Amino acid sequence: MNNDKEKQIRFRLKILSQIEPKTHSAQSAIEKTKDVLSKSLEENKAARVSHVFVFSQKLKYAVAAVILIGIGFIAGRLAIPAQPVINMEDIQAMMDKKCADNAEKTLAASSTLMDQRMNNMIGLIEAARQKDRQWIAAAFDKIEYDRQTDNNRLDNSIIALASRKNDLSGYEQR
């Protein structure tokens, strides 16, 4: 809001606060308020009574449902045949057999897995060796190439030196 509108609203509120109602109009407003409040209290009482009635109906249905569920549970428990008695020695023998079977399966699976991993590692080592051989062969080829290049340079240098010596010898004879 801008400042002018705010001033205008404050001014009007000040005027309204200075108005004093007549006793007759104040009494009639109080009577109307009492009537409205008494009517709302009566409506609330009626609503509460209907609410209690609806709640008691729901409560009856809920209790009936709980009783039916309880009867069904008890009937189901009584209908189950008695559990056979198991000998502890039988259970121990059965568990030992299961453990032995599982250990055998685990050992076979781990052995197969270990064989696969070893074969993979052997393949990787063999590939690395092959690559090393290739690098070594390339290094020897490079060394041989450098040796031949050095020999050629040395031969050329010796020939050049000899030809200069011949040139110098011929120059001295003149």
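The length gained on full extension between ILE69 and LEU154, counted as 0.36 nm times the residue separation minus their Cα-Cα distance, comes to 19.6 nm.
Under 14 Å from the Cβ of ARG12, count the other residues' Cβ atoms, weight Lys and Arg +1, Asp and Glu -1, and hand me the total. Can you show the working numbers first?
Numbers: positive: LYS5, LYS7, ARG10, LYS14; negative: ASP4, GLU6.
Neighbour charge sum, excluding ARG12 itself: +2.
Only the coordinates and a few stated rules stand behind these numbers; no lab work does. What you see is a predicted model; the values in this text were computed from it and never measured. Cβ: placed from backbone, ideal geometry, glycine included. Neighbour counts: every protein chain shown.
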